[in-house]
Amino acid sequence: MSGALSCSAAELAVLLGPNATVAAEYICDQLSTVNNKFTDVAFAVDNTYLLFSAYLVFSMQLGFAMLCAGSVRAKNTMNIMLTNVLDAAAGGLFYYLFGYAFAFGSPSNGFIGKHNFGLKDFPSASADYSNFLYQWAFAIAAAGITSGSIAERTQFVAYLIYSSFLTGFVYPVVSHWFWSVDGWASPFRIDGDLLFSTGAIDFAGSGVVHMVGGIAGLWGALIEGPRLGRFDNGGRAIALRGHSASLVVLGTFLLWFGWYGFNPGSFNKILVTYESGTINGQWSAVGRTAVTTTLAGCTAALTTLFGKRLLSGHWNVTDVCNGLLGGFAAITGGCSVVEPWAAIICGFVAALVLLGCNKLAEKLKYDDPLEAAQLHGGCGAWGLIFTALFAREKYLNQIYGEKPGRPHGLFMGGGGKLLGAQLIQILVITGWVSATMGTLFFILKKMKLLRISAEDEMAGMDMTRHGGFAYMYYDDDESHKAIQLRKVEHRSPSPSGDTTTPV
């Protein structure tokens, strides 16, 4: 093999004569070369692992697109698909120019990063291009969550503005707080005391990604108001069902697949040894994280299935898909630091949280076509609290560094400090996103850039804004009745007694 190392006994025998120093130098040089080779291999393995995880997370955009398309009425399919494409495209540019620097540009202060704008002075000893790609995939996931909340009634320019602002500024600041080595609440903080001696534990983003996207969507939907026809004059909710359960299921499975990059991939590295010569390494923790992710989602799906059966009398596949995703959103924050049995509890409660949030939204006449605010915001917040209750000290020390007496899960004998840190995370994320995205949506409304006209909304944005429908369809609404009425009129008897048939 080219570049292979060789070290023969004959060569050493010649050197191990009167001059032992030369022999020692020779041996050390060979060992140093071997060590460098192992280091190169470790970098290659870890970067390949992170890149593969980034590809999985990016594939979730296809899942979002299919889920959104199936959850809206057919007359808005092209519109929602285009917004998903632009979340990725606009997010890519703005995260490159500003977002990554605000999130991870180190050294910086506890609030916001201030280096690596446009990837200047990049890569570095602490980050490579794979890190940027992985974090960008997370940023556009947050933007994709928000698009579901304001679907079917939002102007196209508003999508562009909010997506750019969210991925370029709002989301990066939050990720800096909790994931950067300089963040004021980060468990990775290297300069200064940790929040409550632990930092907020949000491994893959129940708060950083899901709560940010969910709360942003909450404000967008609140300021816009519900879709026309969602509530009758008496305030009673009317279901505006999505046009394709098949697309919803397809999108859900794609998201499930991508979540194995989202959660296990958040280790960033896989070739890390916990106990040399044993199976206890980061590779095992990656596997455990995949298992906890799976169990939480599965439990939430089954709980939602039977819960909705009791509430409505139906076995509803769309509700089950949302329940599954709610379980995933909840386990994301603590997936790496809890036992598999605890993930089952996480998924069970996440389903109840989602059902409760949906009931509350209906009573408050809040309209979210994809239940994104309830699913990602509500279940994401539960996921942070769950982590504070069930996180194991051993796993926290393996991932965040050895710390004697580290605060851990309240139910695991770790006291209440971690719970305090998690509650602070929930409060500051809610406050920050409300102040920034709520203000942005309010300004867009005042500038008449937020909501489309009632006429366009009734006709559907595919026809009025995008030049035609995604495919031929019939919606069970007034537009379909109007089409049928025109057909009847065209077929009515003529004065001669014949019937006219449209060409």
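So, in the stretch 361-383, exactly how many residues are open to solvent by 10 Å² or more (accessible area, probe 1.4 Å), under 12 Å from Ala351 (Cα atoms) and of a type in the set (A, V, I, L, M, F, W, C)? Here the count works out to 1.
Put simply, of Gly438, Gly414, Gly431, Gly409 the only residue that is free of Cβ contacts under 8 Å to residues at least 40 places away in the same chain, on the phi < 0 side of the Ramachandran plot and open to solvent by less than 20 Å² (accessible area, probe 1.4 Å) is Gly414. Annotation: Asn358 fulfils all but one of (1) in a helix (DSSP H, G or I); (2) more than 22 Å from Ala285 (Cβ to Cβ); (3) open to solvent by less than 20 Å² (accessible area, probe 1.4 Å); the unmet one is (3). Would you call Leu56 touching a residue at least 60 places away in the same chain (Cβ under 8 Å), within 20 Å of Gly205 (Cβ to Cβ) and either open to solvent by less than 30 Å² (accessible area, probe 1.4 Å) or among the aromatic types (Phe, Trp, Tyr) (or both)? It is true that Leu56 is touching a residue at least 60 places away in the same chain (Cβ under 8 Å), within 20 Å of Gly205 (Cβ to Cβ) and either open to solvent by less than 30 Å² (accessible area, probe 1.4 Å) or among the aromatic types (Phe, Trp, Tyr) (or both). Of the residues examined, Asp182 is not one that is over 16 Å from the mean Cα position of the chain (by Cα), more than 15 Å from Gly205 (Cα to Cα) and surrounded by fewer than 23 Cβ atoms within 10 Å (Cβ to Cβ).
For the stretch 167-194, the set of residues classified as part of a helix (DSSP H, G or I) and closer than 20 Å to Ser266 by Cβ consists of Thr167, Tyr171, Pro172, Val173, Val174, Ser175, His176, Trp177, Phe178, Trp179, listed by residue number. Of note, Ala373 satisfies the criterion of being in contact (Cβ under 8 Å) with a residue 24 or more places away in the chain, under 25 Å from Tyr162 (Cα atoms) and in a helix (DSSP H, G or I). The condition (being open to solvent by less than 40 Å² (accessible area, probe 1.4 Å), out of contact with any Phe, Trp or Tyr (no Cβ under 6 Å at 6 or more places or on another chain) and in contact (Cβ under 8 Å) with a residue 60 or more places away in the chain) is satisfied by just one residue among Gly287, Gly265, Gly323: Gly265.
Yes or no, residue by residue, for (1) open to solvent by less than 70 Å² (accessible area, probe 1.4 Å); (2) within 23 Å of Leu218 (Cα to Cα); (3) of a type in the set (Lys, Arg):
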site: Lys269; (1), (2), (3): no, no, yes
site: Leu302; (1), (2), (3): no, no, no
site: Thr332; (1), (2), (3): yes, yes, no
site: Ile345; (1), (2), (3): yes, no, no
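For the stretch 265-283, enumerate the residues that are in a helix (DSSP H, G or I) and either of a type in the set (Val, Ile, Thr) or modelled with pLDDT under 95 (or both). Those that are in a helix (DSSP H, G or I) and either of a type in the set (Val, Ile, Thr) or modelled with pLDDT under 95 (or both): Gln282, Trp283.
Does at least one position in the stretch 219-230 carry a residue that is of a type in the set (A, V, I, L, M), surrounded by 24 or more Cβ atoms within 10 Å (Cβ to Cβ) and either on the phi > 0 side of the Ramachandran plot or at pLDDT 95 or above (or both)? Yes, some residue in the stretch 219-230 is of a type in the set (A, V, I, L, M), surrounded by 24 or more Cβ atoms within 10 Å (Cβ to Cβ) and either on the phi > 0 side of the Ramachandran plot or at pLDDT 95 or above (or both). Check whether at least one residue in the stretch 250-269 is farther than 30 Å from Ser71 by Cβ and touching an Asp or Glu at 6+ places or on another chain (Cβ under 9 Å), and report yes or no. Yes, the stretch 250-269 contains a residue that is farther than 30 Å from Ser71 by Cβ and touching an Asp or Glu at 6+ places or on another chain (Cβ under 9 Å). I need the full set of residues from the stretch 382-420 which are in contact with a His (Cβ under 8 Å, 6 or more places away or on another chain) and part of a helix (DSSP H, G or I), in order please. The answer is Gly383, Glu393, Leu396, Leu418.
The values are calculated or read from the model by the stated rules, or taken from the named source; none is laboratory data. These numbers come from a predicted model, not from an experiment. A quick note on method: Cβ atoms are made from the backbone with ideal geometry, for glycine too, and the neighbour counts reach across all protein chains shown. Surface areas here come from the heavy atoms of the whole protein model, side chains and all, with no ligands, DNA or RNA. Shrake-Rupley method; radii C 1.70, N 1.55, O 1.52, S 1.80 Å.
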